[in-house]
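Comments concern the structure below.
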Amino acid sequence: MNAKVWLVGAGPGDPELLTLKAVRALREADVVLIDDLVNTAVLEHCPNARIIPVGKRGGCRSTPQAFIHRLMLRYTRHGKCVVRLKGGDPCIFGRGGEEAQWLRERGVEVELVNGITAGLAGATQCDIPLTLRGVARGVTLVTAHTQDDSSLNWQALAQGGTTLVIYMGVAKLSEIREQLLAGGMAADTPVAMIENASLPHQRECRSDLTAMEKDACAFELKSPAILVIGTVAACATSSLWERGLPAMMAADQSA
Ligand code: SAH
């Protein structure tokens with residue numbers, strides 16, 4: 001019996017960003033439950049598996065989480081090898097942790113496989129280093145969307161000095177801008193908004209904290225997109241150099 005569930009990250013979209021381990025899991029799969037942000041091109045690695053779409057895009061009709069849980073359980077009880085394929089990384093805003101726990105509580109063997117999360121891929125595709133010596137000593141990944149509408153500690157985010165990468169933020173640009181400004185972030189902090197990162201139709205809009213909402217609107221920014229907020233978001237444009245990058249790096253003796 002090879003019954004188990006692999007919770008696999010399919011990466012941000014470019015099929016070449018899939019890990020070798022994800023490919024191995026797909027080759028072993030009898031059944032693949034696929035989220036709708038996953039590029040179906042990766043299914044070339046599991047030509048004989050049964051493919052079940054279980055998309056859950058915000059605002060659209062989606063498959064209830066409880067149904068997905070039961071489906072995975074049912075297939076493993078029939079001795080099947082199940083791959084639950086998610087966009088990006090399964091444990092970055094992907095419910096990987098919840099699903100693993102639910103299945104393990106019922107005695108199912110679970111293995112998690114990293115994927116490249118959209119925030120990291122989007123930044124790299126736009127030549128933005130999320131950490132940069134002398135400029136950004138950390139990165140914070142946050143979601144702008146919560147089920148219970150609980151609020152983030154915006155002041156801490158605004159003043160934390162790390163690069164912010166915001167997921168699910170397209171519908172919340174106004175709130176993000178206002179909260180970060182109110183929290184004390186500089187109005188001219190660079191912002192990059194990256195849509196469909198790593199896919200052929202990737203688009204990027206560069207702006208700053210003050211203008212981000214207006215610029216996103218003119219650009220017709222659409223989901224899925226990530227926002228990168230911080231000095232490094234001016235990379236790949238001359239403005240980071242104008243901001244004195246060589247001096248900042250020279251002043252920083254850290255690794
Ligand atoms: N587990 C995923 C995130 C799922 S939440 C990951 O690790 O990437 C869904 C959000 O991810 C979207 O609203 C968007 O903010 C972001 N996202 C996913 N794929 C993306 C892509 N190709 N380009 C830009 N943003 C993306």
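The values are calculated or read from the model by the stated rules, or taken from the named source; none is laboratory data. None of the values given here were measured: they were computed from a predicted structure. When we count neighbours, we look across all protein chains shown, and the Cβ atoms used for this are built from the backbone with ideal geometry, even at glycine. SASA here: full protein model, heavy atoms, side chains in, ligands and nucleic acids out. Shrake-Rupley method; radii C 1.70, N 1.55, O 1.52, S 1.80 Å.
What's the extension gain from ARG203 to ALA182 if we count 0.36 nm per residue and subtract their Cα-Cα distance? Difference between extended and current length: 4.7 nm. How far, in degrees from 0 to 90, does helix 65-77 lean away from the longest principal axis of the Cα atoms of the chain, to the nearest 10? The two axes meet at around 40 degrees. What shape does segment 46-178 take by its C-alpha gyration tensor, where a ≥ b ≥ c are the square roots of the eigenvalues and a/c under 1.5 counts as rounded, a/b above b/c as prolate, and the rest as oblate? Cα axes put segment 46-178 in the prolate bin.
Accessible surface for the chain, divided over its residues, is 50 Å² per residue with a 1.4 Å probe.
Beta bridges per DSSP, both residues in the chain: antiparallel share near 40 percent.
Ignoring ligands, DNA and RNA, what percent of the accessible area of the chain is carbon or sulfur (1.4 Å)?
On the way: 6450 of 12670 Å².
About 51 percent, which is the carbon plus sulfur part of the accessible surface.
Would segment 4-113 count as rounded, prolate or oblate if I go by the C-alpha gyration tensor, calling it rounded below 1.5 in a/c and otherwise prolate when a/b exceeds b/c, oblate otherwise? Walk me through the numbers on the way to the answer.
Working: a/c = 1.43, a/b = 1.13, b/c = 1.27.
Here segment 4-113 falls in the rounded category.
Sorting 18-27, 86-95, 193-202 by average packing, meaning the other beta carbons within 10 Å per residue, from highest down gives 86-95, 193-202, 18-27.
Straight-distance candidates among the aspartates and glutamates for linking to LYS214, with alpha-carbon spacing under 20 Å and chain neighbours fewer than 8 residues away dropped: GLU175, GLU178, ASP188, GLU195, GLU204. Partner lysines whose Cα lies under 20 Å from the Cα of LYS21, excluding those fewer than 8 positions away in the same chain, are identified as LYS4, LYS80, LYS86. Between ARG137 and THR124, full extension at 0.36 nm per residue minus the direct alpha carbon distance yields a gain of 3.0 nm.
Under 19 Å from a point 7 Å along the Cα-to-Cβ line of PHE219: which residues of segment 166-192 have their amide N that close? 166-181, 186-192, by backbone N distance to the label point.
Please report the antiparallel percentage of DSSP beta bridges with both residues in segment 2-85, rounded to the nearest 5.
Working: 0 of 13 bridges.
Roughly 0 percent of the beta bridges in segment 2-85 run antiparallel, per DSSP.
With helices as the sole contributors, the chain gives -8000 deg cm²/dmol at 222 nm; each DSSP H run of n ≥ 4 counts as -39500 (n - 2.57), and the sum is divided by every residue. Taking 15 Å as the cut-off, the amide N atoms of segment 75-103 that come nearer than this to a point 7 Å along the Cα-to-beta-carbon line of GLU28 belong to 76, 79-85.
Convex hull volume per residue, computed on the Cα atoms of the chain, equals 142 Å³.
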